[in-house]
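**Student:** Mind having a look at this structure? Questions to follow.
The values are calculated or read from the model by the stated rules, or taken from the named source; none is laboratory data. Nothing here was measured: the structure is a model prediction, and the numbers come from that model. Positions of Cβ are backbone-derived with ideal geometry, glycine not excepted, and every protein chain shown enters the neighbour counts. Note: areas computed on protein heavy atoms with side chains; ligands, DNA, RNA excluded. Shrake-Rupley method; radii C 1.70, N 1.55, O 1.52, S 1.80 Å.
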Amino acid sequence: DLSVPLSFRQYRILDRVDREITSMTELAAFARRQLPTISKSVDSLVRQGLLARRPSPTDRRVASLELTPAGRKVLREARKALASLAAWAGEHLELEVKPRVVVEAADALYEAAEGRLRAETANGGRSS
C-alpha cells in the first residue's frame, strides 16, 4: 500500500520529475497533454506535499518542479508496488517478466486508453 494514493498519471509525473523533466512545458510535451491538464495534476501533487515549485535562478517567471522528501518516499513505494505487480503477473501468467517490462506495458496501455478517450470525446462519444 502507498502512504498517499496516486493515480497512474500522478505516478508518471513524479517519475518524470525524478528523471529531471522539471518544467511544466516539458512535462506537457513529454506526456503529449495540454498544459492546463498537466497543471491540474501538478497542482494536486503540490497540495499533497509531494512536489514543490522552485523559481528558476535565471528566469523568475519560470518555476521548476522538484520532489519533496514525501514525494520521494511515495515514488519509492509506487515503484516497489509496480515491481510487486510485475512479479505477481509473471507468476500468474507463467511468464518470466522483468518488472520494467510490466511498467512499460502499463504506460503504453495508459497512453493508448487516453488517446482513445480523447478521440471518442472529439467524435461525440463514437469510436472511430
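**Student:** With (1) modelled with pLDDT of 75 or more; (2) in contact with a Lys or Arg (Cβ under 7 Å, 6 or more places away or on another chain); (3) over 22 Å from Leu27 (Cβ atoms) as the list, and Glu120 as the residue in question, which single condition is left unmet?
**Tutor:** (1)
**Student:** Ok, one more. If a residue must be open to solvent by 80 Å² or more (accessible area, probe 1.4 Å) and either aromatic (Phe, Trp, Tyr) or within 15 Å of Gln10 (Cβ to Cβ) (or both), how many such residues does the range 67-78 contain?
**Tutor:** Selection size over the range 67-78: 3.
**Student:** Further question: Has the range 16-33 got any residue that is closer than 23 Å to Ala108 by Cβ, touching a residue at least 40 places away in the same chain (Cβ under 8 Å) and assigned to a helix (DSSP H, G or I)?
**Tutor:** Yes, the range 16-33 contains at least one residue that is closer than 23 Å to Ala108 by Cβ, touching a residue at least 40 places away in the same chain (Cβ under 8 Å) and assigned to a helix (DSSP H, G or I).
**Student:** Which of the residues spanning the range 34-66 are assigned to a loop (DSSP other than H, G, I, E, B), without any contact (Cβ under 8 Å) to a residue 12 or more places away in the chain and either surrounded by 14 or more Cβ atoms within 10 Å (Cβ to Cβ) or hydroxyl-bearing (Ser, Thr, Tyr) (or both)?
**Tutor:** Ser56, Thr58
**Student:** Quick check: anything in the range 89-101 open to solvent by less than 60 Å² (accessible area, probe 1.4 Å) and either at pLDDT 90 or above or touching a Gly at 6+ places or on another chain (Cβ under 7 Å) (or both)?
**Tutor:** yes
**Student:** Condition check: in contact with a Gly (Cβ under 9 Å, 6 or more places away or on another chain) and assigned to a loop (DSSP other than H, G, I, E, B). Does Gly71 satisfy that?
**Tutor:** In short, no.
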